[in-house]
Each structure stands twice: as C-alpha cells, then as structure tokens.
Amino acid sequence: MYRPGDSPVHRLPPHCKILAVLGFVLAVVATPREQMWAFAVYALLLAGAAAFAGVPYGHVARRVLIEVPFVGFAFLLPFLATGPRVEVLGLEVSQNGLWGAWNILAKGTLGVVASILLATTTEPRVLLLGVERLRVPPLLTQIATFMFRYGDVVVAEMRRMRTARAARGFEARDLRDARILGRSLGALFLRCFERGERVHLAMLSRGYDGRMPVLLRTDASGGQWAASAVLPATAAAVSLAAWMAQWTLL
Amino acid sequence: MDASLKVSGLAYAYPDGTQALFGVDVTIGRGERVALLGPNGAGKTTFVLHLNGILHGGAGTVRVGGMEVDPRDKKALREIRRRVGLVFQDPDDQLFMPTVREDVAFGPANLGVRGAELERRVAAALERVGMAHVADRAPQHLSFGQRRRVAVATVLAMEPEILVLDEPSSNLDPASRRELAEILSSLDVTVLMVTHDLPYAAQLCPRSLVLSGGVVVADGPTHELLADERLMAEHRLELPYGFVVPQRS
C-alpha cells in the first residue's frame, strides 16, 4: 500500500496524520445526507490532498475496490426499505432506502479514500509508531509490529506446506478434502506458536523486559500540527455549513 | 583473571520429569574458542539456555565472568544477559524488528544505551560482520547467510563476555559458511559454538567438549577428539565422508 515519496504530506509526523484523518472522517459522518453538495466538497478536498502528496488517482481508485464487499448491502437498501416509493429507471424503490444507500456509499467511500491516502503516504512501521504516540496500549502495537514482521514468514511456510502436499499428489477437489486442509492449518498454527516461543526466548536473551525500547523519535512541531489540521478543519467547516443549510430548509 | 564461563555441577530436569543434565562441569577461559559437540538430544540446547538464566531451578551454579547467574535477582540477570550473547539457530527467531538497524539496537537499548553511543554500537557491530550496508533493510529481505550474520551483530552490539552460537553453520551454503567462519575467527571474544558440523569445529575451535547423555564425556583439543574413533562412535558423532582431521602441530 505504501508508496515512497518525499512530499510535505509524507514528511508529516504519523500521529498528526492519523488524527487529521480521524477528524476528517468524523466531520464527514456528521454531515446530513441530504446536503449532497457537501460531499462533493469533501471529495474535492481529498483530491487536493492526493495531488499535494503526489499520489496518482489511479493508485487510489484501484484500492477503493476493497470496500465493495462491505457496501454491497447498501445496494439492497432501496429494494428492502419501507416508506414512500419512487420510480427510478423504471424500478419502484423506497425513497428512504435510496437515501440510506447514498449515505453509506458516500460516507464509506470518503472514509476509505482518506485512509488509503494515509497508508499511501506513511510507512506501515511509522504508522504504528504514530499509533503508539497516541497512547494506544503498547501491547496492541507490538502485536501489529510482529504481524508486519512475520506475515511473510508465515505465508512462506504455508506455501511450502502446499507445495509439499501437491508434490505428493494432493489436490483439493471437494469438501471432503477440507479435513486435510484443516490438518495443515493446525500444523501451521503449531509451528507459529513454537516460533513465537523461540522469538520470545531470543528477546529475553537480549534483555527484553516487557517494553519495547523507543528507537525512533517522531516529534511534531507547531507548524506540522497546523499543516495537518487544514484538512479536518476545512471538513468541519463544511459540515457546519451543511447543518445550517439543513436547518434553514426545515 | 576470572574465567569467561564457569559451570559446576549443573543438573536439570524438565517439569515433566525428564532429566536432561546430570552434573555438568565446564570452564572456559577468556578469549578461548570452544566447540560443544554432541548427538541430538544430548542436552546441548538445555545447557545453553542455562548460561543466561532462561532455564534454572536444578542443581549447580553458572558463573559468567565471575558473576553468578541468579534467576531471582532481576538486575543481575540483565547484566548476565548482556554478558552472554546467544545467537539462535534460526535467524528468523532472532531478528524480529522491522529493520536491521532497529534489531541490532534492541539489545543495547534494553540495557539503557541511547543516542550517539547506541548509534556507535550498532554501526560497529554491523561493521564487524560486514553488514553495514543493509542497516536500513528489513530482515526478511536479506539472504539466509546475511540474516545469520546480522543475528551475530545483534548480540555483538551488547558487547558480550562470551558469544554462544547454536548451530552457526546450519543451512548455509559453502561460501556463506566460509564467510561466517572468517568473521567468527576475527572476533576477539570468547566463543562457545554448539554444533554437529565437526569440520567447522575443527576449523574454528582449538578445544572441544562432547556432551552426551547430560554429562561432559570428553574435553580436549578438537583434532584429538575427532581422531578418537571409539569416542566418536560411542556418542553418535561422525565425520562427513572423505573428511580427514588435519593434524596440528
């Protein structure tokens, strides 16, 4: 996901960026769904941020597809929801459902795009440092750090096991083969567990006492805080304007 | 001067009752390079894990550089773990940080070393194993031989009294094996090398110990032990086909 670069956005401290994305998402979620123009402004804001960070739109567009399985339900809403019906393209659908679908789709997509921009401009391990700075319990960030380090090792082990199965003529054909795959998975779990114990021994041997030493400093200057506040502050202003428009409508 | 390592009467049984060590006595002088040989299941790993207090609870004492390993004394244990640099067999177990630099810094940072001194230690340790150019790479992107060398650097950075290596030559191709041997023989630190690789022991260690059935059954010049066919056969130690023990003067 990470795309190396040297834009001002890349250089911002990770915890500032995390808070900025969080603030932006909160502002978006709080916006009344009927004010469609506000969502257009949010999209423009993100497009501006992407351009500023030198992230190509194609890079973001391909990764947005990850949300598809999650918003699939939104497409059913217009058909399932109750209330007054309207006709769209010859189909009679629920008006409430239509608004609901738009709400999920628009807010979900904006949130996903904002997160993608964060992940594209911040190295995973730096991102974890940022999370740690924000006082997330170190145990959680350590688990994530180890997942990041050992993901490849576990996948390689799984691949070797699959090759070894295939070399002895195994081919998963139907559900009955699930038993064998299950056994392999069990063996893989045991191996990971044993590796975990060995890694722990290696850590103890080098003086580990439950806390990871902090090796990289990620301090933020006032200017950096101000720069990272631009996106969420603008979004908050838009959200407020949307609410005012909503009230005058009522 | 104190010996680097002095083990007396060390005995240990696992919680399930399996006795692994039956009174081991070993003394290793400062600057010596010693091989610990023995068949599978001889208790080699159990022995090694006693050296820095990870396993304990049986009889006997372990002294590192004159300091006794006391698992109840947390502060002393930290100093013991600085003095005993354990290099595990699988470098993927040893290297767990996101980058090589952070991994080498892990040990000394746990000892409270910070700032410029930490950087100096990391650079020096990587320099000694010829791996300074990979400092910012992720361990999983290095070759196996490189990872093994970085694993050695991670304990060198703690400036240990004794370097303990578990099967240092396993899974290395001949070139990496030779390069590691050159690095190990260039270090001016006490080395205890646990291995099945008898030619490697003959090449690197003037002295060897044979651990079998939980006791030290032989202790002497490596080439003499390897030439003793009866001893070798009794303890399931075999030289590779075609290997002749070089005679030393």
Put A:F170, B:F88, B:F96, A:F79 in order of accessible area, largest first, probe 1.4 Å, and you get A:F79, A:F170, B:F88, B:F96
As straight-line cross-link partners of A:K107, the qualifying lysines (C-alpha separation under 26 Å, not fewer than 8 residues apart within one chain) are A:K17
For B:T154, the net charge from surrounding residues (Cβ-Cβ under 13 Å; K, R +1; D, E -1) works out to +4
With A:V93 itself left out, Lys, Arg at +1 and Asp, Glu at -1 over residues whose Cβ is under 9 Å from its Cβ give -1
Computed for B with A: buried accessible area summed over both chains, 1.4 Å probe, rounded to 100 Å², at 2400
So, with points 7 Å from each Cα along the Cβ direction, the A:E92-B:H56 label distance in nm works out to 8.1
Taking only the alpha-carbon atoms of the range A:178-250, the convex hull volume per residue, in cubic angstrom, is 240
note: the range B:93-155, Cα-Cα separations exceeding 20 Å make up a percent value of 14
Placing each pseudo-label 7 Å from Cα in the direction of the beta carbon, A:D152 and B:L187 end up separated by a distance in nanometres of 2.5
Expected vector for the range A:142-150, Karplus 3J(HN,Hα) from phi with 6.51, -1.76, 1.60 and θ = phi - 60°, integer Hz, x for Gly and Pro, equals 5, 4, 5, 4, 5, 4, 5, 6, 9
Dividing the alpha-carbon radius of gyration of the range A:1-84 by 2.2 N^0.38 Å, where N counts its residues, gives 1.36
Here the residues of the range A:122-155 lying in the modelled label zone of A:H200, meaning backbone nitrogen under 18 Å from a point 7 Å along Cα-to-Cβ, are A:138-147, A:150
Per the 1/(1 + (r/R0)^6) rule, R0 = 60 Å and r from the Cβ atoms of A:A61 and B:R230, FRET efficiency to 0.05 is 0.20
The range A:127-250, convex hull of Cα, quarter of hull surface, nm² -> 15.6
In the range B:13-54, accessible area falls by at least 30 Å² from chain alone to full assembly (1.4 Å probe) for B:I54
Of the accessible area of the protein assembly as shown, computed with a 1.4 Å probe and all protein chains kept, carbon and sulfur make up a percent value of 61
Within 10 Å of the Cβ of an average residue in A:212-218, the count of other chain Cβ atoms is 5
Taking max minus min of the Cα coordinates of the range A:56-202 on each principal axis, largest first, gives extents in Å of 63, 48, 30
With N residues in the range B:124-249, Rg(alpha-carbon) / (2.2 N^0.38 Å) equals 1.16
Mean 1/r over distinct Cα pairs of the range B:122-184, inverted to a Kirkwood Rh in Å, yields 11.9
Rh (Kirkwood, all Cα-Cα pairs) for the protein assembly as shown, Å, reads 27.2
Given a Förster distance of 45 Å, the FRET efficiency implied by the Cβ-Cβ spacing of B:V245 and B:D136, rounded to the nearest 0.05, works out to 0.55
A student asked for the Cα radius of gyration and Dmax of chain A in angstrom ought to give 23.7, 73
Cα-based Rg and Dmax for chain B, in Å, come out at 17.9, 55
For the range A:190-203, in residue order, the Karplus 3J(HN,Hα) values (coefficients 6.51, -1.76, 1.60; θ = phi - 60°; whole Hz; Gly and Pro = x) are 4, 4, 4, 4, 5, 4, x, 5, 5, 4, 4, 4, 4, 5
Of the residues B:A20, B:L37, B:G66, the Cα lying farthest along the dipole of the range B:4-84 towards its positive end, which is defined by charges on the beta carbon of Lys, Arg, Asp and Glu, belongs to B:G66
Any residue on another chain or 5+ positions along whose placed amide H is under 5 Å from the amide H of B:L209 is listed here as B:A35, B:L36, B:L37
Working note, the range B:1-91: Cα radius of gyration (Å, one decimal) and Dmax (Å, whole number) are 12.9, 40
With B:G58 itself left out, Lys, Arg at +1 and Asp, Glu at -1 over residues whose Cβ is under 15 Å from its Cβ give -3
Ranked output for segments B:113-120, A:92-99, B:51-58 by mean other Cβ atoms within 10 Å, highest leading, reads B:51-58, A:92-99, B:113-120
Per residue of B:104-117, other chain Cβ atoms within 10 Å number on average 3
Taking a straight Cα-to-Cα line shorter than 18 Å from B:K74, and setting aside same-chain aspartates and glutamates fewer than 8 residues away, one finds A:D209
Dividing the surface of the Cα convex hull of the range A:94-180 by four yields a projected area in nm² of 11.0
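The values are calculated or read from the model by the stated rules, or taken from the named source; none is laboratory data. From a predicted model like this one, the values you see are computed outputs, not experimental measurements. Virtual Cβ from ideal backbone geometry, glycine too; neighbours counted across all protein chains shown. What goes into the accessible areas is simple: the full protein's heavy atoms, side chains included, and nothing from ligands, DNA or RNA. Shrake-Rupley method; radii C 1.70, N 1.55, O 1.52, S 1.80 Å.
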